[in-house]
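Q: Submitted below is the structure of interest, expressed as structure tokens.
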Amino acid sequence: MSRVIALLVGVTLVACGGAGGGGESTTTVARFAVSGYVHAGPVCPVETTPPDPSCADRPVPDAVILVRDAAGEIVGEARTGVDGRFSVDLPPGSYALVPQPVDGLLGTAGELEVVVADGPLPGLDFAYDTGIR
């Protein structure tokens with residue numbers, strides 16, 4: 001009988017992380033999607049009224065957006081797909097999204113400060129300049 005009790009105590013200790021209670025915490029921090037669209041324009045040298053749909057800004061594929069935390073440390077990066085869309089999962093906090101230069105485009109889109117609170121943050125917009133005038 002004492003062997004059965006000793007075995008049960010041993011199994012219980014292993015299942016609870018050991019006798020010293022020094023098991024690692026499995027606390028997870030919620031992460032939320034921060035997403036948007038990266039585009040470049042103008043596409044045509046002359047804008048018309050009404051606007052010509054073929055002159056709409058074009059998506060920028062393979063653009064890199066660095067994510068900096070409030071301390072200025074890079075904590076992530078997003079890369080756009082062929083459709084110009086990006087998404088990165090971040091825990092709550094304040095961040096700067098910093099677009100990087102893209103070959104073939106004149107300027108770099110401006111940095112954007114965001115606060116991730118308690119849900120997704122969709123609809124961010126980054127506009128690059130094509131240099132067409």
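The values are calculated or read from the model by the stated rules, or taken from the named source; none is laboratory data. As the structure is a computational prediction, the values presented were derived from the model and not from experiment. Cβ atoms come from the backbone with ideal geometry, glycine included; neighbour counts cover every protein chain shown.
Q: Which of the residues spanning region 97-119 are under 18 Å from Phe32 (Cβ atoms) and surrounded by 15 or more Cβ atoms within 10 Å (Cβ to Cβ)? Give the derivation first.
A: First, the residues of region 97-119 that are under 18 Å from Phe32 (Cβ atoms): 97, 112-119.
Within region 97-119, Leu97, Leu112, Val114, Val116 qualify.
Q: A further question follows. Would you pick out the residues in region 47-61 that are among the charged types (D, E, K, R) and closer than 19 Å to Arg85 by Cα? Talk me through it step by step, then tell me what you get.
A: Pass one, region 47-61, residues among the charged types (D, E, K, R): 47, 52, 57-58.
Listed by number, the residues that qualify are Asp57, Arg58.
Q: Acidic (Asp, Glu) and either modelled with pLDDT under 95 or touching a helix residue (DSSP H, G or I) at 6+ places or on another chain (Cβ under 7 Å) (or both) - does that describe any residue in region 56-74?
A: Filtering region 56-74 down to residues acidic (Asp, Glu) leaves 57, 62, 69, 73.
Filter again for either modelled with pLDDT under 95 or touching a helix residue (DSSP H, G or I) at 6+ places or on another chain (Cβ under 7 Å) (or both), leaving 57.
Looking for residues that are acidic (Asp, Glu) and either modelled with pLDDT under 95 or touching a helix residue (DSSP H, G or I) at 6+ places or on another chain (Cβ under 7 Å) (or both), one finds at least one in region 56-74, hence yes.
Q: Does at least one position in region 74-89 carry a residue that is of a type in the set (Ser, Thr, Tyr), buried (at least 16 other Cβ atoms within 10 Å of the Cβ) and part of a loop (DSSP other than H, G, I, E, B)?
A: yes
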